[in-house]
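Please treat every number below as a calculation from the coordinates, not as lab data. Quantities reported herein were computed from a predicted structural model and do not represent experimental measurements. Don't worry about glycine lacking a Cβ; one is built from the backbone with ideal geometry, like all the others, and counts go over all protein chains shown.
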Amino acid sequence: MKETIVELPGITLWYHPDKRIVHHEVSKYPGAEVLETVLEKGLEILKKHGARKWLSDDRRSGALPKSHHHFAQNVWGPAAAAAGWKYWAICPPSDLLGSANINRLIKTYSGFGVTVKSFADPAAAMAWLMTCD
């Protein structure tokens, strides 16, 4: 069972209370402002419910602009890690640029204490998250 937290053009955020997993899916790049809103809502869930896992299905998002990486890596990421975020399963965009960013993301978020794994399939990503902890 999952609860819809926010559904905006291009992106949906859910919370799986039975698994304590925050989960978003991008259907098209929603723009930096909408994406930041969704990330902030997810951060609220991490804090409120003590969730430690996040599934990002970004297969249809494309490459993010540098300005968004700055927010995610310098503002949101450290705050999420401080709130207890420990495991991130990400399904990166299938385009070359999006896929190339995954190694950088793994290095950056590992520095915050988050274990990051990349998956082609969200079902496999969810299965991995279920084994964590």
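The mean sequence separation of alpha-carbon pairs under 8 Å and at least six residues apart, normalised by the residue count of the chain, gives a relative contact order of 21 percent.
Per residue, the chain reaches -12500 deg cm²/dmol at 222 nm when only DSSP H runs of four or more residues are counted, each adding -39500 (n - 2.57).
The residue among Ala80, Gly31, Trp14 whose Cα reaches farthest toward the positive pole of the charge dipole of the range 3-131, with charges on the beta-carbon of Lys, Arg, Asp and Glu, is Ala80.
Placing +1 on the Cβ of every Lys and Arg and -1 on the Cβ of every Asp and Glu, with nothing else charged, gives the chain a dipole about its Cα centre of roughly 360 debye.
A simple count of charges around Lys19, restricted to other residues whose Cβ falls under 9 Å of its Cβ and scoring Lys, Arg +1 and Asp, Glu -1, yields +2. Peptides 110-120, 15-25, 51-61, 31-41, ordered by how many other C-beta atoms sit within 10 Å of their residues on average, highest first, read 51-61, 15-25, 31-41, 110-120. The length gained by stretching the chain between Ala32 and Val6 to full extension, at 0.36 nm per residue less their Cα-Cα distance, is 7.8 nm.
Rounded to 0.05, the FRET efficiency of the Arg104 and Glu40 pair, given R0 = 25 Å and the Cβ-Cβ distance, is 0.65. The stretch between Thr115 and Met130 holds 4.1 nm of extra length on full extension. This uses 0.36 nm per residue minus the Cα-Cα distance. Diffusion of the chain by Stokes-Einstein, at 4 °C in a medium of 1.567 mPa s and with Rh set to the Kirkwood radius over alpha-carbon pairs, works out to 89 µm²/s. Pairs of Lys residues in the chain that lie 8 or more places apart, or on two chains, and have C-alpha atoms under 21 angstrom apart add up to 25.
Principal axis extents of the Cα atoms in the range 1-42, from largest to smallest and rounded to whole angstrom, are 30, 18, 11.
Below 14 angstrom from the Cβ of Glu40, what's the summed charge of the other residues (Lys, Arg +1; Asp, Glu -1)? Neighbour charge sum, excluding Glu40 itself: 0.
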